[in-house]
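Have a look at the structure below, then the notes.
Rule-based calculations on the coordinates, nothing more; no lab input. Computed from a prediction, not measured in an experiment: that's the story for all the values here. Ideal geometry is used to build each Cβ from the backbone, glycine not excepted, and the neighbour counts take in all protein chains shown.
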Amino acid sequence: MLSIKQKKHRRPYAIFAVAICLISTGVYFMMLTLSPSVAPLIFTKPIDAKSLPKAKIGENRIVIPRIGVNIHYDKGRTALDRGAEWRQPDHGNPKDGGNFIIAAHRFSIQPTPQGTVEKSPFYNIDKMKIDGLYVGGSTGENFMLSTEEKKQIFRIAKDEAKDQVALIAQVGSVNLHEAVELGKYATELGYDSLSAVTPFYYKFSFPEIKHYYDTIIAETGNNMIVYSIPFLTGVNMGIEQFGELYKNPKVLGVKFTAGDFYLLERLKKAYPNHLIWAGFDEMMVPAVSLGVDGAIGSTFNVNGVRARQIFELTKQGKLADALQVQHVTNDLIEGILANGLYLTIKELLKLDGVDAGYCREPMTAKATPEQLAKAKELKAKYL
């Protein structure tokens, strides 16, 4: 009788234990689905970072001691497709959506909901339909960054873009030694060309400006695109001065960010074998009409598709259609400028799922509620 009574008492405990296991399992998988950055903490054993062997030169590994991660990791999209993660290789990736863990560059460990693959920064190259990336330009707040920060950006851009598009590194600086250092670094990374803004602030003579470009080229051996933006640098060069720069065979041409269309026409006629990239997004129709070879623009981060339409329609002689797209583009640009150029571009990217961070002070670091509302309005109306 005693043994029978004991069995009767055990059954509720057994049922209770099974229920606890089922509830715990359910909670874990719910956490895994909703917050993969938290769930692994339950079952992973922290790694003693001091006990880890030093990584070999050229080896990429992800080591996150708190959640027990110590795996080999290749750079870029391929590694992410495979799943740089700790438990569930098939749970998700940027291509197919789903939850995944990534520890690389500018991303944080957080879930990516199903169906948001097109919101990934990896998708931005395809989405904006661009042919290249101009890394370290004015919109990237380049001149408020340290040398090491600039290098990090060059490396990240190369790691992620690889050879999908052409890469141009803007290395210009009022400090020639820094420009050379950055140029060497970008060249070693495999950038297709360098670009350098004309040295600014001080009233440099043209021989000093020419020495600046020739030195960067000689020290790096890379191609060069002159970045001419007179309204910010105060450096105005004429036909003859461009001709002097073009005597260096490594100078491919100029990023022409100016509204002087007479000079633009004269440059194209005088030096037809040198390339011109238009730098004013709001004046693409006249620039393309005058024969520019391409365009590099700040608003292409969010309006690249229209920019390509303007370029191609103008080239095809469909000026009325090109102007219609230019009108819409300029309405968008007008709104962006009124709301704060750099800040608003970042907010528009955020609204499209790309965390572009915040502006570097002394620029206004964070948007006001009114600026956020305006950014949402611009996106809804134009993007």
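Side notes on the structure shown:
- The single residue among 182, 252 that is closer than 29 Å to residue 152 by Cα and assigned to a strand (DSSP E or B) turns out to be 252.
- Residues (over 23 Å from residue 137 (Cα atoms) and not in a helix (DSSP H, G or I)) located in segment 302-361: 316, 317, 318
- Flag if residue 236 is surrounded by 14 or more Cβ atoms within 10 Å (Cβ to Cβ) and closer than 21 Å to residue 138 by Cα: no
- Restricting 207, 199 to those that are part of a helix (DSSP H, G or I) and not aromatic (Phe, Trp, Tyr) reduces the list to 207.
- Close pairs (6 angstrom Cβ cut-off, 6 or more residues apart or separate chains): more than 15 Å from residue 167 (Cα to Cα) in segment 133-145, of a type outside the set (A, V, I, L, M) and in a loop (DSSP other than H, G, I, E, B) anywhere: 139/298; 141/360; 142/136; 144/360
- Residue 342, sole failed condition from (1) more than 20 Å from residue 133 (Cα to Cα); (2) in contact with an Asp or Glu (Cβ under 8 Å, 6 or more places away or on another chain): (1)
- Residue count, segment 374-383 (criterion: farther than 12 Å from residue 335 by Cα and in a helix (DSSP H, G or I)): 1
- Unique residue being among the acidic types (Asp, Glu) and under 15 Å from residue 286 (Cα atoms) when the list is 312, 370: 312
- One residue stands out among those in segment 128-168 that are among the small types (Gly, Ala, Ser) and part of a loop (DSSP other than H, G, I, E, B): the one that is surrounded by the most Cβ atoms within 10 Å (Cβ to Cβ), which is 136.
- Within segment 285-300, residues that are farther than 15 Å from residue 272 by Cβ and without any contact (Cβ under 8 Å) to a residue 24 or more places away in the chain reach partners that are in a loop (DSSP other than H, G, I, E, B) and of a type in the set (Gly, Ala, Ser) with beta carbons closer than 8 Å, at six or more positions or on different chains, in the pairs 295/279; 297/279.
- Flag for residue 250 being basic (Lys, Arg), out of contact with any His (no Cβ under 7 Å at 6 or more places or on another chain), within 17 Å of residue 173 (Cβ to Cβ) and surrounded by 15 or more Cβ atoms within 10 Å (Cβ to Cβ): no
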